[in-house]
Amino acid sequence: MARTQAADFEARRAAIVEKAAALYAERGFLGASIADLARACRTSKSLIYHYYPSKEDILFDVMHSHVHSLLDAAERILGAKESAADRLRTLTLEFMKLYVGAASRQRVLLNELDQLPKARRAVIVGIQRRLIDIVEELLAEIRGDLATRAPLRWPSAMLYFGMINWTHTWMDAGGPVRPERIAALAANIFLDGLVSAEIPR
């Protein structure tokens with residue numbers, strides 16, 4: 001007879017992922033062992049392995065939970081009945097909220113992606129590409145000539161992500177400037193520049 005899954009199975013996996021994100025962000029994936037993670041979780045290595053077959057499985061869930069949250073927000077906002085500029089502002093705010101709440105996961109995503117096996121890495125990269133596609137769609141709506149200059153859409157989207165993806169390295173969520181104000185500033189700087197900038201030929 002198959003062993004039944006405990007009612008709190010997913011909650012316990014989520015707790016392991018949360019501790020792993022902080023540990024991998026601090027020490028790097030290769031610098032943190034399952035024994036280190038077990039100590040951080042105040043449990044045993046065998047119990048960690050009960051919830052996750054391998055260290056790479058934990059790393060995948062650290063990244064996947066983060067990028068999937070970003071994608072859920074992006075797809076919801078893309079379909080909203082607002083102007084493209086307002087949707088980009090809302091998207092920037094939602095991304096910033098998620099970055100603040102998951103600074104360790106964001107750091108792990110940016111620094112440890114190459115540690116995943118090829119097939120798992122492809123899943124994460126696929127979600128990242130969809131996020132870029134969504135931003136490209138919004139930028140082409142905002143700046144119509146980007147729709148006819150496809151080679152410039154991707155660099156424009158990457159410039160946008162370049163403004164916000166590293167905020168976890170310097171932003172103090174409890175500081176004098178709230179994350180939502182930083183998100184508004186980033187959106188304003190990007191949108192004002194996008195609307196008025198001369199598109200190079």
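Quick note: the coordinates plus some simple rules give every number you see, no bench work behind them. Quantities reported herein were computed from a predicted structural model and do not represent experimental measurements. Positions of Cβ are backbone-derived with ideal geometry, glycine not excepted, and every protein chain shown enters the neighbour counts.
In segment 176-187, the residues that are touching a residue at least 12 places away in the same chain (Cβ under 8 Å) and within 9 Å of THR92 (Cβ to Cβ) reach residues that are of a type in the set (Lys, Arg) and part of a helix (DSSP H, G or I) with C-beta atoms within less than 9 angstrom, at least six apart or across chains, in these pairs: ALA183/ARG89; ALA183/LYS97; ALA184/ARG89; ALA187/ARG89. Within segment 135-170, being of a type in the set (A, V, I, L, M), more than 16 Å from ALA102 (Cα to Cα) and part of a helix (DSSP H, G or I) holds for VAL135, LEU138, LEU139, ALA140, ILE142, LEU146, ALA150, LEU152, ALA157, MET158, LEU159, MET163. Within segment 60-112, the residues that satisfy the criterion of being without any contact (Cβ under 8 Å) to a residue 60 or more places away in the chain, touching a Lys or Arg at 6+ places or on another chain (Cβ under 7 Å) and more than 16 Å from ALA20 (Cβ to Cβ) are ILE77, ALA80. Against the definition (surrounded by 11 or more Cβ atoms within 10 Å (Cβ to Cβ) and outside any helix (DSSP H, G or I)), how does ALA173 come out, yes or no? Judged against the criteria, ALA173 is a match. Does ARG76 meet the test of being charged (D, E, K, R), over 29 Å from ILE132 (Cα atoms) and out of contact with any strand residue (DSSP E or B) (no Cβ under 6 Å at 6 or more places or on another chain)? So ARG76 fails the test. Kindly indicate whether LEU139 is closer than 19 Å to LEU194 by Cα, in contact with a Ser or Thr (Cβ under 7 Å, 6 or more places away or on another chain) and not β-branched (Val, Ile, Thr). It is true that LEU139 is closer than 19 Å to LEU194 by Cα, in contact with a Ser or Thr (Cβ under 7 Å, 6 or more places away or on another chain) and not β-branched (Val, Ile, Thr).
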